[in-house]
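Peer 1: Right, I'll just put the structure down here and ask away after.
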Amino acid sequence: MAQFSRLLWAVLVFVAKPALADNFTYKQYSASSEGWKRGFVFAVAQHQTTINPGEGPPYPTARAFQRCLSGASDALLEQQVEKYVARNPRSLTEPMVVVVIKTLHDMCRSEIEKATAAATSAGPARY
């Protein structure tokens, strides 16, 4: 019985939870408390400053997000998401993780463009 319980938890954590994230839209997000919304947006922002799949050294996009978001509060980030959704009504049906990432890209566009241009002109990283 204990093994069945562990298996059930594994299924919930590794299968159901990510699937639920895909279906988490602005409608559910907007019904959440302000504190929860700020925490959600802040967590996605933190993820963007540390992890960028497929990007290797010198990690230009992650570094650009670090520079751009270094002074941003969770409240400011949450306000930016609200503004992004107001400007982009199609985002109402997109997964919230995608909406937040698009918001962050909009906020940090110039920093990202500078960083990726510099990384491209520098050529591949040498070890």
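Peer 1: Go through segment 47-71 residue by residue and tally those that are touching a residue at least 24 places away in the same chain (Cβ under 8 Å) and touching a helix residue (DSSP H, G or I) at 6+ places or on another chain (Cβ under 7 Å).
Peer 2: Quick first cut of segment 47-71, residues touching a residue at least 24 places away in the same chain (Cβ under 8 Å) only: 48, 56-58, 60-61, 63-65, 67-69.
From what's left, touching a helix residue (DSSP H, G or I) at 6+ places or on another chain (Cβ under 7 Å): 48, 58, 60-61, 63-65, 67-69.
Count: 10.
Peer 1: Within segment 54-68, identify whether any single residue is at pLDDT 90 or above, assigned to a loop (DSSP other than H, G, I, E, B) and under 13 Å from M107 (Cα atoms), and answer yes or no.
Peer 2: No: segment 54-68 contains no residue that is at pLDDT 90 or above, assigned to a loop (DSSP other than H, G, I, E, B) and under 13 Å from M107 (Cα atoms).
Peer 1: Of all the residues that make up segment 84-113, how many are within 23 Å of A62 (Cα to Cα) and part of a helix (DSSP H, G or I)?
Peer 2: Residues that pass the stated criteria total 19.
The values are calculated or read from the model by the stated rules, or taken from the named source; none is laboratory data. Here the structure is a predicted model, which means the values were calculated and not measured. Note that each Cβ is placed from the backbone with ideal geometry, even for glycine, and that neighbours are counted across all protein chains shown.
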